[in-house]
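Chemist: Please read through the structure below; I'll follow up with questions.
The values are calculated or read from the model by the stated rules, or taken from the named source; none is laboratory data. This one's a predicted model, so the numbers in the text were calculated from it and none came from an experiment. Note that each Cβ is placed from the backbone with ideal geometry, even for glycine, and that neighbours are counted across all protein chains shown. Areas reflect the complete protein model, heavy atoms only, side chains present, ligands, DNA and RNA absent. Shrake-Rupley method; radii C 1.70, N 1.55, O 1.52, S 1.80 Å.
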Amino acid sequence: MRPIGVFDSGVGGLTVVKELVRQLPGEDIVYFGDTARVPYGIKSKETVIRFSIENILFLLRYNVKLICVACNTVSSFALPKIKNHFRVPIVGVISPGAREAVYATKNKRVGVIGTKGTIRSQAYEQEIKRLDPKVKVTAIACPLFVPFVEEGWLNQDVVSTVARRYLKPLKDSKVDTLILGCTHYPLLKSVIRDVMGGKVTLIDSAKQVAVEVNKILSDEGLLSNKARGRADFFVSDNPEWFKDLAGRFLGKPVKNVRKVNSV
Ligand code: DGL
């Protein structure tokens, strides 16, 4: 059976891999993390599109049956432009997260947090409005969250202080549903929940993406029939750094991390 390809700007896409493994344990996965060029969240649309095409071409060398774009910035900026140029199905994180949020909100006020690129693209707003024009969306970039997670600062006071400041407009606009629109943010769930209060539903796009992948593969008759799949990891730089952080994202150490010289 052919593997599922997953790519991200770096290590954050492992939140999606974790969900894929949980929901589809029999699938083989080939992951590419563009650690030489991370972060994507502050780069221009043109650059993110160029990197994304290169990453897809890399995964296609492994004869992947579906590509999962774990990165919210890529899903926002690049996916609508490049999706139809490839024959393999490409799943991004925006539609699954937006759909779940529209379904979850009772007061029709949804918040979105993400990188500067994701928020600037307005991809989540547009998708939410397409699904339900009555939903009011408040979107805020939280650029310090990614370095906090990569430093392993998940619960420190400084994180709570910054989170309170970033999330204030969302509290003020009384959102009852918040999309964690970045690969790294699920790791900050407990701080975000403390700040927003237990009544706000946090939408973790990773879970919804795995649901969507499962649906496409089963519709196309492409689900693996193995009991347990394997995962191979490729990075464009710093495999040791990737390995160190991977444990935090996946909850277990990773083997099989290889550095590739060109994508
Ligand atoms: N993977 C990115 C995202 O989900 C976060 C890290 C980056 O800026 O590259 O938007």
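Chemist: Step by step: first the residues of the stretch 152-181, then only those that are within 16 Å of the ligand (Cβ to nearest atom) and at pLDDT 95 or above, then the one that is farthest from G92 (Cα to Cα). Which residue is that?
Modeler: Among those that are within 16 Å of the ligand (Cβ to nearest atom) and at pLDDT 95 or above, it is Y166.
Chemist: Let me ask another. Is it the case that some residue within the stretch 62-83 is away from the ligand (no atom under 16 Å from the Cβ), at pLDDT 95 or above, open to solvent by less than 70 Å² (accessible area, probe 1.4 Å) and not charged (D, E, K, R)?
Modeler: Yes, the stretch 62-83 contains a residue that is away from the ligand (no atom under 16 Å from the Cβ), at pLDDT 95 or above, open to solvent by less than 70 Å² (accessible area, probe 1.4 Å) and not charged (D, E, K, R).
Chemist: A further question follows. So which of V48, V38 ends up being within 12 Å of the ligand (Cβ to nearest atom) and open to solvent by 20 Å² or more (accessible area, probe 1.4 Å)?
Modeler: Exactly one of V48, V38 is within 12 Å of the ligand (Cβ to nearest atom) and open to solvent by 20 Å² or more (accessible area, probe 1.4 Å), namely V38.
Chemist: Let me ask you something else. Quickly run through the stretch 110-128 and pick out the residues that are touching a residue at least 24 places away in the same chain (Cβ under 8 Å), more than 14 Å from Y166 (Cβ to Cβ) and away from the ligand (no atom under 15 Å from the Cβ).
Modeler: Passing the criteria: V110, E127, I128.
Chemist: Only one of E212, E220 is more than 17 Å from the chain's Cα centre (by Cα) and either of a type outside the set (S, T, N, Q) or exposed (fewer than 13 other Cβ atoms within 10 Å of the Cβ) (or both); which?
Modeler: Answer to the check: E220.
Chemist: Within the stretch 1-100, which helices (runs of 4 or more DSSP H) (wholly inside it) include 1 or more residues that are in contact with a Cys (Cβ under 9 Å, 6 or more places away or on another chain)?
Modeler: 14-23, 45-60, 72-77
Chemist: Name the single residue that is nearest to L202 (Cα to Cα) among those in the stretch 98-114 being open to solvent by 20 Å² or more (accessible area, probe 1.4 Å) and within 17 Å of the chain's Cα centre (by Cα).
Modeler: Across the stretch 98-114, the extreme among qualifying residues is E100.
Okay, residues lined up against (1) assigned to a helix (DSSP H, G or I); (2) of a type outside the set (D, E, K, R):
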site	(1), (2)
Y166	yes, yes
I192	yes, yes
K199	no, no
L222	no, yes
A246	yes, yes
F249	yes, yes
